[in-house]
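This report refers to the structure that appears directly beneath it.
The values are calculated or read from the model by the stated rules, or taken from the named source; none is laboratory data. A quick note: this is a predicted structure, and the numbers were derived from the prediction, not measured. Every residue, glycine as well, gets a Cβ built from its backbone with ideal geometry; the counts of neighbours run over all protein chains shown. To get the accessible areas, we keep the full protein, side chains included, count just its heavy atoms, and leave off ligands, DNA and RNA. Shrake-Rupley method; radii C 1.70, N 1.55, O 1.52, S 1.80 Å.
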Amino acid sequence: MVQASIAASFWAAVEDCLVEFHAQSRGAAAEKVVALWKRLAEIESTARKDEPSYSDMIYHAEPWYIACNLAENPDLPLDSEKEGPYTAILKQNHLA
């Protein structure tokens, strides 16, 4: 299981990406992140007990790609122009 502090940092980075790269308001970004948390928790709670848990798999993805999917812009490239600001987001959230 992922530590709570790492999970909080991960989701904060996703929210920051939504604001920075997808022009979402802070409130709208937070709502999207919370909605995804709830969907993931619901999936986990309805999984059969004899099946493996995949709840931590999301934390193996880059926050960039989770944010792109939440913004319905999965094809936004992480190019050289965006790489510096993205790295700054990761650092401010203790992920880099």
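Which ones in region 58-95 are in a helix (DSSP H, G or I) and surrounded by fewer than 11 Cβ atoms within 10 Å (Cβ to Cβ)? Residues satisfying the conditions are 60, 80, 81, 84.
The residue that is least open to solvent (accessible area, probe 1.4 Å), counting only those in region 30-47 that are free of Cβ contacts under 8 Å to residues at least 24 places away in the same chain and closer than 18 Å to residue 93 by Cα, is 30.
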